[in-house]
Amino acid sequence: MKSKLLRLLAFVWIFLTITSGKLFSQCAMCRASVETNVNEDGIGFAAKLNTGILYLFVTPYLLAVIIGYFWFKKSMEHKRKLEEEELRKRRLRNI
């Protein structure tokens, strides 16, 4: 199961990496700001704004994935400890 999960995560990561160039989008206010500043600062301002939007978009999801990973890891460790304790109890009963 662990290998299937890792393969799925690798596939999703590769897919998002390949298609990330198409993810640049802007809200109406950002677009207006870019259009007014494109003459002054050139296209560099628009690229920086797009990067900032993507950074703000990805951060909460990345935090949720990290918290979920540690939660899953801790729950599996707890489950393993409970199984070991149950096994010890069975062995003591058989003695």
Residues of the range 41-54 satisfying the condition of being part of a helix (DSSP H, G or I) and either exposed (fewer than 10 other Cβ atoms within 10 Å of the Cβ) or among the small types (Gly, Ala, Ser) (or both):
44, 46, 47, 52
Looking at this structure, is residue 63 surrounded by 10 or more Cβ atoms within 10 Å (Cβ to Cβ) and touching a helix residue (DSSP H, G or I) at 6+ places or on another chain (Cβ under 8 Å)?
no
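Conditions (1) loosely packed, with under 10 Cβ neighbours inside 10 Å; (2) over 18 Å from the mean Cα position of the chain (by Cα); (3) modelled with pLDDT under 85, marked per residue:
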position	(1), (2), (3)
26	no, yes, yes
33	no, yes, yes
38	no, yes, yes
59	no, no, no
69	no, no, no
76	no, yes, no
79	no, yes, no
Here is a list of conditions, (1) free of Cβ contacts under 8 Å to residues at least 12 places away in the same chain; (2) within 30 Å of residue 29 (Cβ to Cβ), and residue 54 meets all of them except one; can you say which number that is?
(1)
Scan the range 13-26 and report the pairs whose first residue is part of a helix (DSSP H, G or I) and whose second residue is modelled with pLDDT of 75 or more, with Cβ atoms within less than 7 Å and a gap of 6+ or a chain change.
23/54
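The values are calculated or read from the model by the stated rules, or taken from the named source; none is laboratory data. These figures come from a predicted structure and were not determined experimentally. Because the Cβ atoms are built from the backbone with ideal geometry, glycine has one as well, and the counts that use them run over all protein chains shown.
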